[in-house]
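Structure record follows, encoded as structure tokens.
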Amino acid sequence: MSSLIEKAFDPETFREYGHDLVDQLADYLDACRNTEDMKVLPWKTPEENLSRWETDFTEPKEKELKEFFAAVIRHSFHFHHPKNMGHQVVPPAPAAALTELLSALLNNSMAIYEVGPVSSTIEKIVTGWTASALNMGEKAGGILTSGGTTGNLTALLAARQHQADYDIWELGTKNESTLALMTSAETHYSVARAVKIMGWGEKGIIKVPVNERREIDHHLLEGCLQQAKDEGKQVVAVVGSACTTSTGSYDPLEEMSAFCRKHNLWFHIDGAHGAGAALTQKYKHLIKGIEKADSVVVDFHKMLLCPALTTAVIFKNNDCSYETFSQKASYLVGSREKENWYDIAQRTLECTKKMMGIKIYALLQAYGSKLFSDYITNAYDLAEEFASLIKESSDFQLALEPAANIVCFRWEPAHKNSRQVDELNRKIRNRLKEEGEFYIVQTLVGHRVYLRVTLMNPFTSRKDLIQLLQRIRETAVTLENR
Ligand SMILES: Cc1ncc(COP(=O)(O)O)c(C=O)c1O
């Protein structure tokens with residue numbers, strides 16, 4: 001045995017480094033909340049980072065792993081920092097992060113039951129729990145997959161197989177595909193990507209206009225469907241967002257599901273960000289109608305406190321989950337005999353995958369579903385509070401009342417025209433990013449540039465939000481006077 005291999009697998013070295021890493025991460029969690037001058041983003045340009053890490057990489061001395069861990073923590077983006085208010089990435093609950101280590105070392109690759117006996121079983125339990133949290137009925141169930149993008153593709157492949165009038169998985173798309181789905185222009189781009197992966201092209205996406213709240217205008221569904229039929233398209237599905245990425249708007253799910261029932265269309269809901277509202281008393285009205293969907297995607301790495309990536313794809317009829325990647329037409333007699341719930345690669349895009357379910361299971365077991373509901377309620381409440389602060393400030397404009405924990409607003413002094421305000425807000429956001437004290441992003445609402453916060457951090461306070469508005473004001477004045 002090579003001594004290097006012995007060294008790499010030495011249990012005592014692992015113990016020592018593991019203890020040290022957990023200490024470093026605990027210090028990081030503490031520093032995020034208690035160290036005034038710690039930055040959310042220690043900004044460096046891509047070239048600066050490349051040069052730093054290339055130098056580090058090529059240094060000939062044997063590197064201490066502990067130093068490397070410390071440097072990664074120090075130079076990374078700090079999602080646990082209360083002034084991180086940018087993207088829809090959750091600061092994971094530490095217990096869920098620990099299960100990632102378990103998954104990484106045990107490496108039960110899960111494609112088949114034999115190499116993931118615990119994780120395959122747990123996956124059935126947590127997807128069953130998710131289906132019942134969404135109230136999707138007795139036949140509901142699903143799988144876990146690597147991210148909402150993969151989740152949307154998985155669900156839409158099932159929709160296509162279920163709705164097409166021939167075995168499209170086996171025979172492929174016909175020369176000139178006429179298949180299409182209907183959704184709003186606010187839907188996450190992963191849905192359009194799925195359409196294109198399936199070979200339907202741009203004409204396969206029928207964009208239904210939104211109302212002033214950026215929700216799909218359900219009154220226009222009939223007209224859009226008729227127009228698609230007139231153009232020779234076969235609409236197979238309608239996709240609703242719960243909620244949209246840019247503004248956090250919830251589509252009218254009840255009305256959309258009634259429309260789908262009437263026309264025998266598959267109803268898919270992208271609930272990657274906001275389906276968790278189902279777990280709260282205060283906000284569950286937002287997802288009314290989700291229980292009628294044929295498929296729903298839920299990202300546990302967004303509003304459900306798990307590290308990336310952990311996505312559930314839930315089908316109203318769990319049998320449909322076998323149709324997504326059916327190697328033989330699943331409706332042919334006898335072809336289902338190899339199907340079972342525990343060899344999960346039958347139903348996932350991935351062959352090998354992480355032991356995803358253990359993150360969800362650990363959080364539910366340690367804290368119960370109240371952890372999720374407390375977290376979501378807190379975040380959505382804080383967004384309402386922030387919207388009130390914005391409305392009280394005459395130099396800021398709120399794009400729309402937030403439904404979720406996403407707030408779009410902009411600095412809009414009276415003396416500027418719209419284009420100048422766009423430009424100024426772009427510059428403000430850039431300046432904040434480079435300073436690193438606050439992290440927010442920007443988006444387009446209609447054609448106008450808005451600043452956007454997603455309040456993902458449970459430790460972000462009203463005081464942080466007041467400071468953010470003040471910092472934006474100061475930055476704007478500095479930029480104007482340059
Ligand atoms: C509504 C929505 N759907 C899907 C996705 C894609 O999810 P993922 O990044 O997990 O692939 C996102 C990401 O932000 C999203 O906001």
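For region 122-134, give me each residue that is in a helix (DSSP H, G or I) and either aliphatic (A, V, I, L, M) or loosely packed, with under 15 Cβ neighbours inside 10 Å (or both). Walk me through it before giving the result.
Going through region 122-134, the residues in a helix (DSSP H, G or I) turn out to be 122-133.
I122, I125, V126, A131, S132, A133, listed by residue number.
Go through the residues of region 7-14 one by one and say whether even a single one is touching a residue at least 12 places away in the same chain (Cβ under 8 Å) and either surrounded by 12 or more Cβ atoms within 10 Å (Cβ to Cβ) or acidic (D, E) (or both).
Of all residues in region 7-14, those touching a residue at least 12 places away in the same chain (Cβ under 8 Å) come to none.
No: zero hits.
Which one is surrounded by the most Cβ atoms within 10 Å (Cβ to Cβ) among residues in region 281-304 that are within 22 Å of P94 (Cα to Cα) and in contact with a helix residue (DSSP H, G or I) (Cβ under 6 Å, 6 or more places away or on another chain)? It would help to see each step written out before you state the result.
Restricting attention to region 281-304, the residues satisfying the condition of being within 22 Å of P94 (Cα to Cα) are 298-304.
If we keep only those that are in contact with a helix residue (DSSP H, G or I) (Cβ under 6 Å, 6 or more places away or on another chain) as well, we get 298-300, 303-304.
Details: V298: 32, D299: 27, F300: 28, M303: 27, L304: 27.
This residue is V298.
I'd like the full set of residues that are part of a loop (DSSP other than H, G, I, E, B) and within 16 Å of the ligand (Cβ to nearest atom), limited to region 135-178. Please lay out each step first, then the result.
Step one: list which residues in region 135-178 are part of a loop (DSSP other than H, G, I, E, B), which gives 135-140, 146-147, 164-167, 172-178.
Passing the criteria: S146, G147.
So that you can scan it fast, the table gives a plain yes or no per residue for (1) within 13 Å of the ligand (Cβ to nearest atom); (2) farther than 27 Å from K174 by Cα:
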residue: R193; (1), (2): yes, no
residue: G199; (1), (2): no, no
residue: Q226; (1), (2): no, no
residue: G232; (1), (2): no, no
residue: A237; (1), (2): no, no
residue: A242; (1), (2): yes, yes
residue: S246; (1), (2): yes, yes
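Just checking, does region 187-197 include any residue being in the same structural domain as S257 (by TED's automatic domain parsing), aliphatic (A, V, I, L, M) and in a loop (DSSP other than H, G, I, E, B)? Please lay out each step first, then the result.
Here is the first cut: in region 187-197, the residues in the same structural domain as S257 (by TED's automatic domain parsing) are 187-197.
Retained after the next criterion (residues that are aliphatic (A, V, I, L, M)): 191-192, 194-195, 197.
Checking which are in a loop (DSSP other than H, G, I, E, B) leaves us with none.
No: region 187-197 contains no residue that is in the same structural domain as S257 (by TED's automatic domain parsing), aliphatic (A, V, I, L, M) and in a loop (DSSP other than H, G, I, E, B).
Does K282 count as in a loop (DSSP other than H, G, I, E, B) and either more than 16 Å from the ligand (Cβ to nearest atom) or modelled with pLDDT under 95 (or both)?
On the way: in a loop (DSSP other than H, G, I, E, B): yes; either more than 16 Å from the ligand (Cβ to nearest atom) or modelled with pLDDT under 95 (or both): yes.
Yes.
Listed here are the residues, each with its yes/no results for (1) among the hydroxyl-bearing types (S, T, Y); (2) touching a residue at least 24 places away in the same chain (Cβ under 8 Å).
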position	(1), (2)
E385	no, yes
S388	yes, no
D395	no, yes
I406	no, yes
W411	no, yes
V421	no, yes
Q442	no, no
R448	no, yes
L451	no, yes
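For region 432-477: of the residues being in contact with a strand residue (DSSP E or B) (Cβ under 7 Å, 6 or more places away or on another chain) and of a type in the set (F, W, Y), which is surrounded by the most Cβ atoms within 10 Å (Cβ to Cβ)?
Going through the qualifying residues, I end up with Y450.
Which of the residues spanning region 212-237 are part of a helix (DSSP H, G or I) and free of Cβ contacts under 8 Å to residues at least 40 places away in the same chain?
Taking region 212-237 first, the residues part of a helix (DSSP H, G or I) are 218-230.
Within region 212-237, H219, L220, L221, E222, G223, Q226, Q227, K229, D230 meet the criteria.
Would you pick out the residues in region 106-119 that are assigned to a helix (DSSP H, G or I) and over 14 Å from I360 (Cβ atoms)? Quick ask: steps written out before the conclusion?
Taking region 106-119 as the starting set, the residues that turn out to be assigned to a helix (DSSP H, G or I) are 106, 113-115, 117-119.
Listed by number, the residues that qualify are L106, Y113, E114, V115, P117.
Away from the ligand (no atom under 16 Å from the Cβ) and surrounded by 14 or more Cβ atoms within 10 Å (Cβ to Cβ): is that true of G116 in this structure? Walk me through how you get there before you give the answer.
Details: away from the ligand (no atom under 16 Å from the Cβ): yes; surrounded by 14 or more Cβ atoms within 10 Å (Cβ to Cβ): yes.
Criteria met by G116.
Restrict the check to region 59-67 and report whether at least one residue is out of contact with any Pro (no Cβ under 8 Å at 6 or more places or on another chain), more than 21 Å from H273 (Cα to Cα) and surrounded by 16 or more Cβ atoms within 10 Å (Cβ to Cβ). Please lay out each step first, then the result.
Of all residues in region 59-67, those out of contact with any Pro (no Cβ under 8 Å at 6 or more places or on another chain) come to 59-67.
Restricting the remaining residues to those that are more than 21 Å from H273 (Cα to Cα) gives 59-67.
With the extra rule that they be surrounded by 16 or more Cβ atoms within 10 Å (Cβ to Cβ), the set shrinks to none.
Within region 59-67, none of the residues are out of contact with any Pro (no Cβ under 8 Å at 6 or more places or on another chain), more than 21 Å from H273 (Cα to Cα) and surrounded by 16 or more Cβ atoms within 10 Å (Cβ to Cβ).
Going residue by residue through region 254-276, is there one that turns out to be away from the ligand (no atom under 16 Å from the Cβ), closer than 18 Å to G151 by Cβ, crowded, with 20+ Cβ neighbours inside 10 Å and more than 20 Å from the chain's Cα centre (by Cα)?
The answer is yes; a qualifying residue exists.
Could you go through region 70-87 and let me know if any residue there is surrounded by fewer than 10 Cβ atoms within 10 Å (Cβ to Cβ) and either modelled with pLDDT under 95 or among the hydroxyl-bearing types (S, T, Y) (or both).
Taking region 70-87 and keeping what is surrounded by fewer than 10 Cβ atoms within 10 Å (Cβ to Cβ), we get none.
Among the residues of region 70-87, not one is surrounded by fewer than 10 Cβ atoms within 10 Å (Cβ to Cβ) and either modelled with pLDDT under 95 or among the hydroxyl-bearing types (S, T, Y) (or both), which makes the answer no.
Please verify whether A159 is touching a residue at least 24 places away in the same chain (Cβ under 8 Å) and either surrounded by 21 or more Cβ atoms within 10 Å (Cβ to Cβ) or outside the structural domain of G271 (by TED's automatic domain parsing) (or both), treating the condition exactly as stated.
Details: touching a residue at least 24 places away in the same chain (Cβ under 8 Å): yes; either surrounded by 21 or more Cβ atoms within 10 Å (Cβ to Cβ) or outside the structural domain of G271 (by TED's automatic domain parsing) (or both): yes.
When the stated conditions are applied, A159 passes them.
The values are calculated or read from the model by the stated rules, or taken from the named source; none is laboratory data. Given the structure is predicted, the values throughout are model-derived calculations rather than measurements. Here Cβ is always computed from backbone atoms with ideal geometry, including for glycine, and neighbour counts include all displayed protein chains.
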